[in-house]
Each structure stands twice: as structure tokens, then as C-alpha cells.
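What follows is one structure encoded as C-alpha cells, with my remarks underneath.
The values are calculated or read from the model by the stated rules, or taken from the named source; none is laboratory data. Predicted model, so just to flag it, every value in this text is computed and none were measured. Here the Cβ positions follow ideal geometry from the backbone for every residue, glycine too, while neighbour counts run over all protein chains shown.
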Amino acid sequence: MRKNGVLLHITSLPSKYGIGTLGQEAFNFIDFLKRSHQQLWQVLPLGPTSYGDSPYQSYSTFAGNPYLIDLDLLEKDGLLKPEEFKDLQWYEEEDCVDFGLMYNQRYKVLDKAVERFLANPPEDYAQFLEDEKDWIDDYALFMSLKDKHEGKPWLEWDPKYRKYDATKAEAWKEEFKDRMDYYKVLQYLFYKQWRAVRKYASENGVQIIGDLPIYVAQDSVDAWSNPELFIFDEDGKPSLVAGCPPDGFSADGQLWGNPIYDWKYHKKTGYDWWIRRIAHTTEVYDILRIDHFRGFDSFYAIPAGATTAKKGEWLEGPGMDLFNAVEKKLGKKTIIAEDLGYLTPSVKKLLADTGYPGMKVLEFAFDSRDGSGAEYLPYNYPKNSVAYAGTHDNDTIRGWFENISPEDKKYACDYMDAYNPDEYNWEMMRTVIASPADTTLVQAQDLLNLDSSSRMNTPGRLGGNWTWRLKQGQLDDNIEGTLRWVTDLYGRGPVVKKPEKGTEDKELVEEVMTAAD
């Protein structure tokens, strides 16, 4: 079934309180998606963000981001008073998240909500802790120890706490019980609100696509409490770190700095940690997009301490062995493989063997710097693929047209029959939506025809990423109508069954017939 959807991270929703949340604006966006006949909403990873504010560098692969907890809903639940948050200054620019302000101000407000929560916990709180016991205790302990060490990375902690030990951890949990309770409550509140959003989306025919980063952050509970999962030296420091080699877009490559997995160890455990990780995330989302899929075939490893990604080497990944183990344990899951980047025949074979749809990015088709244009031309898209004009890691359509070479621009315009600069965004999205790919996605910034200043992420750039968000009312009736029209034109609207003859519920008949028209 052909589907289209919109890529918009939760943090990018409008909000009076500086950052998009799981409150009313999330429900309003689902309403927008339904009215414009969209069946998919793609979000970025939902974990608590660390230094740099990237959702791909989280303190935990299982926890949710407390910034996304909606304050109005906490007031509704009796956990906050209006004067405790409504009169505070939450931003200077409406369309930009100030993460520094979030860090310094948000938790002070959440402190008050948690205090009231713990004075009278709801009946289902104990069950939540039991259901999430596989990860929540270690996460709460890790965050409590970070607080004790003024937010420093765990490699800089007091040696007493630096090396995780299960026996010692039990004593630590008693020592830091009060602070751990705080972080556990935040997770309860996050997941309560998230599940309400998921339920509403499902009721309105919208599936949520979520991201699973291949790597975890070095400064994470995953790396601290499970060092055996990674290639660390005796001091718990990484010997190798992740990244990407130089290419047409970056002469130095990309130095991500994430720790590298010890795949031999994972194989010995039957990939237990990976199975638990994928089981969790497929419960959180309807559809899972696995980031940097090619890293499961072979991955680029850079010596720790390197200042660029130039001097790395390709090492063998787990391949189908991992995905066979996952499917044997969990059954078939709906998964998208982010297979962009340097693709060897073995990477393509791995994608084919899994049966997962890969990704196609139309901007790559016309960019001579990439060198793989033909593969990204729409007439070459297989049905079993997911197509974009650009993703959160690419420029906006308007920004892309403003920055490519004149030759590439002419090729793109000729191919898409696009000669009005004010409509480049719609012509490019229309070209993607018209393609053979079963699934297509457009970015919210491109619906608004925004320039490069609204780009979500520029890989390799320090600072200034992940901050863009919608202003109230930007997704207006005109955008909604145009998106609905182009979606229906190319057979991606929801299929509405007309009522059978003899239906007696006239209101239902009228509702269904209106939707069908």
C-alpha cells in the first residue's frame, strides 16, 4: 500500500514553553496529518539528550527525554501550578529551541511536579517500575551519579563510581535512592504522555516511525553499566570509535566518537542486548528505522584520540546473524534500513536478505559531489523502498537549490520540470511522491519552503543543530490542502470504504462519503 508522511521531530512542534512536547500540539499535528491524508509521522530518537543536544547521542537507549514532558498536562494532573511555569521566559526566538535554557530551567520546574507525584503516586506506578526494571534502575542510578559529579562524563567520575559493579551498584542504589526516584518518575511521566500520543495517532490512522541509532553515546548508562558490549581498554576507555570516511561532502570524514561494539561478545550472548533493545523500540514505535544500517555489514573504526576520520579501517559487522537472531526471538518486525552512504555489494546483499526497505534521497540524484546519482533517480526506486527529497541530515529543498552548482541545478530543474523558484519545494516533493516507492516522506521545513537556516542537522558541524521548530499556525489550510491534493493524486491517500447498501446510520454514511470524496 502506497503511503506518504511527514518528518517532524517532537522538539520541533510549536510550544509556549520553548520546545515541542507530547501535549496538545502533538495531538493537533496528528489532526493535521489526518486532514491532509498522511498516514505516517516520522520522529527522531526520543532519548534524553546529552552535550551537543543530538537525539543520536543519548544518555540511554531505553529512556525518554524529560524535555518532551508537557507542562500543561502536568498542571491538568495536579502536579504543577500555573505560576510555577507559565510566566517564565522559555525562549527568545519562537522557531528555535534554546537547549541551554532548557537545561537550566526545565528540571527546576519538573522538580516540583515529581515532589507532588511522590506524595501520592498513582496505582499503576509500581507496575510501570516492574515492567521497566530491565533498564530503569541502572538509568536512574547513572543520572544520579552524573548529578553528584556536576554532569561530568562517567570517565571523569570519582574512581569509586567509575567502574560499574553489580554488587556495589546495589549499595549505591540505597545511597542515591531519593534522586533515583526523581529520575524514575520522569520516565513514568514521559511514557504515560507518549503512549497517549501513540494511541491517538493509531485511532486516526497515523503510524509513527521512530529511529534506532546503531551506536550509543560514550557518556551513557549503556556504556557505563555494560562495558563488555564494547571494545574498551582496561580503564574503560574506548580503543576505537565510530565515524564515516572522507567523501564528496567532507574531506575529513565524520568523527562521531561513539564506542565500537565487541561483536564477538554479542554473538556469544545470542545478541541478547540487541534483542532487548529492538524489542523495546518496536514497542515504542509502530515502524522502526535503523540508522546507519550499512554498519551491520562492515563498519568504519577510527583509533580513539584521532582528530579526524581520515585514518580509519573497515571491520566486519555481524551481518544476517544478528537479524536472524532478532527475528527468531521477536518474529517479523516492521523495519526500515537507513542504507545511505558508501554501499558495497555485500551491504546490498544484506539489505536484500533482510527484506527491509532501504532509503532513497532525491537530492543525491542531482548532486555531482556524491557520484551515485543514477541510483537515486526515481525511475530506479524499487517498490520496497522509502523515498525522501531530503532527510534531517540534508539541506532543505530551498537551501539545497541555493547551494548546488549551476550545472546540477539545471539538471534537477529539467528532470522535474521545475522552473519557478517559489515552487521548487512542491515540484521536488511531488517528484518523490509520484515515484514507485511504497513509502515516501517529506520534511515539515519543505512544506513551508524554508531555507538552510531551518535545516535540522548539518553532519560534522559543532553547535547550531537540532534547534528548529514550527511557529504556531505555520502549517496553514493552504499547505494542508496542497499536501492532501498531491498525496491523493499519486495514490497515497487512505483507502476509505464506502458503506454497504442498507446502512441505517445516516451520520456515519455522511461522514464516510465525505471522506471518500
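This table checks each residue for (1) charged (D, E, K, R); (2) free of Cβ contacts under 8 Å to residues at least 24 places away in the same chain.
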site	(1), (2)
K328	yes, yes
K333	yes, no
Y342	no, no
L351	no, no
D367	yes, no
G373	no, yes
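Going through segment 285-327 one residue at a time, which ones are out of contact with any strand residue (DSSP E or B) (no Cβ under 7 Å at 6 or more places or on another chain) and either in a helix (DSSP H, G or I) or acidic (D, E) (or both)? Hits for segment 285-327 are R294, G295, F296, D297, M320, D321, L322, F323, N324, A325, V326, E327. For segment 182-194, does any single residue satisfy the condition of being buried (at least 19 other Cβ atoms within 10 Å of the Cβ), polar (S, T, N, Q) and under 30 Å from Q38 (Cβ atoms)? Within segment 182-194, one or more residues are buried (at least 19 other Cβ atoms within 10 Å of the Cβ), polar (S, T, N, Q) and under 30 Å from Q38 (Cβ atoms). Of all the listed residues (L212, L186, L240, L255), the sole one being in contact (Cβ under 8 Å) with a residue 12 or more places away in the chain and either farther than 25 Å from D53 by Cα or out of contact with any Pro (no Cβ under 8 Å at 6 or more places or on another chain) (or both) is L255.
Look at segment 66-89: where a residue is on the phi > 0 side of the Ramachandran plot and a partner is part of a helix (DSSP H, G or I), sitting 6+ places away or on another chain with Cβ atoms under 8 Å, you get G78/R116. Consider segment 403-447 and keep the residues that are acidic (D, E) and surrounded by fewer than 16 Cβ atoms within 10 Å (Cβ to Cβ). The one that is farthest from Y381 (Cα to Cα) is D422. Mind checking whether some residue in segment 301-320 is β-branched (V, I, T), in contact (Cβ under 8 Å) with a residue 60 or more places away in the chain and surrounded by 14 or more Cβ atoms within 10 Å (Cβ to Cβ)? Scanning segment 301-320, I find at least one residue that is β-branched (V, I, T), in contact (Cβ under 8 Å) with a residue 60 or more places away in the chain and surrounded by 14 or more Cβ atoms within 10 Å (Cβ to Cβ), so the answer is yes. Checking each residue in segment 106-131 for being free of Cβ contacts under 8 Å to residues at least 12 places away in the same chain and farther than 19 Å from K177 by Cβ picks out K108, P122, E123, D124, Q127, D131. In the set S453, S435, only one residue is closer than 22 Å to D95 by Cα, at pLDDT 95 or above and among the polar types (S, T, N, Q); that residue is S453. If you go through segment 206-245 and keep only what is in contact with a Leu (Cβ under 6 Å, 6 or more places away or on another chain), surrounded by 21 or more Cβ atoms within 10 Å (Cβ to Cβ) and not hydrophobic (A, V, I, L, M, F, W, C), you end up with D211, G243. Considering every residue within segment 469-482, establish whether at least one is assigned to a helix (DSSP H, G or I), among the polar types (S, T, N, Q) and over 26 Å from T308 (Cα atoms). Yes, some residue in segment 469-482 is assigned to a helix (DSSP H, G or I), among the polar types (S, T, N, Q) and over 26 Å from T308 (Cα atoms).
Looking only at segment 90-105, count how many residues are more than 15 Å from W466 (Cβ to Cβ), in contact (Cβ under 8 Å) with a residue 40 or more places away in the chain and among the charged types (D, E, K, R). Count: 1.
Filtered by the rule that a residue be farther than 17 Å from I214 by Cα and touching a residue at least 40 places away in the same chain (Cβ under 8 Å), segment 279-300 gives a lone residue, D286.
Checked against the criterion of being over 20 Å from Q187 (Cα atoms), aliphatic (A, V, I, L, M), surrounded by 20 or more Cβ atoms within 10 Å (Cβ to Cβ) and out of contact with any Lys or Arg (no Cβ under 7 Å at 6 or more places or on another chain), the candidates L40, L13, L7 yield just one match: L7.
Report whether or not A217 is assigned to a loop (DSSP other than H, G, I, E, B), closer than 17 Å to S54 by Cβ and of a type in the set (G, A, S). The answer is yes for A217. Total residues in segment 483-495 satisfying the condition of being assigned to a helix (DSSP H, G or I), under 24 Å from the mean Cα position of the chain (by Cα) and not aliphatic (A, V, I, L, M): the figure is 1.
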